[in-house]
1. Taking the Cβ-Cβ separation of TYR40 and ALA20 as r and a Förster radius of 35 Å, what is the calculated FRET efficiency to the nearest 0.05?
2. So how much slack lies between ILE131 and VAL11, counting 0.36 nm per residue of separation and subtracting their Cα-Cα distance, in nm?
3. Over 26 Å apart: what share of the alpha carbon pairs of region 3-131 falls there, rounded to a whole percent?
4. Membrane-span-like helices in the chain: DSSP H runs reaching 27 Å or more (Cα, own axis), mean Kyte hydropathy at least 0.0?
5. So if each residue of separation counts as 0.36 nm, and I subtract the Cα-Cα distance between THR33 and SER66, what length gain in nm does that give?
6. Determine, for each peptide in 28-36, 42-50, the mean count of other beta carbons within 10 angstrom over its residues, then list the peptides with the highest first.
7. When ranked by the protection proxy of mean other Cβ atoms within 10 Å per residue, highest first, what sequence do the peptides 107-114, 13-20 form?
Amino acid sequence: MTFDDAQKGQVLVMSAVVMAFLFLPLSVFVIDTALVDSSYAQLGETLQASAEDGASSIDVAAYRSSNGQTVRLDAVAAKTVIDRSMKAASLPGIESWTATISGPRVTVTGTISVHLMVLGTATLTESRSAIFAYGQ
């Protein structure tokens, strides 16, 4: 057996070590990043839809009593619609949401928990707003 014969197969061992310590953690990182990114996008879309649903709630009593001259946002109905919309979305991992109504602006803030493969969980918080607009 020569020196060259004793060296055969070392590249295979080196490749296995590189794959185990470089590519495996890199692939876990890529998967976790995709999980966080997709959850953030889903949270944003759900919050935006809920804010728009809430911003479409008019005060029916004021509208009818003024013969259609007064159109304003009903804050209580808006919060009810937002809660119903968020529950209907049944977004996985949603922890909480709050609705804030300030004049014609409806803002919904939500928090979601994303379970990662290795690092535990990531908590994401986002806010989206919609404005009540009539006749525009």
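1. So the FRET efficiency works out to roughly 0.70.
2. Value of the extension gain: 36.9 nm.
3. Summing the P(r) tail past 26 Å for region 3-131 gives 48 percent.
4. Qualifying helices: 24-55.
5. Once the chain is fully extended between THR33 and SER66, it gains 6.6 nm.
6. 42-50, 28-36
7. Highest-to-lowest ranking by the protection proxy: 107-114, 13-20.
Taken together, the values in this text are just the output of simple stated rules run on the coordinates, not laboratory data. Quick caveat: nothing in here was measured; it's all calculated off a predicted structure. Don't worry about glycine lacking a Cβ; one is built from the backbone with ideal geometry, like all the others, and counts go over all protein chains shown.
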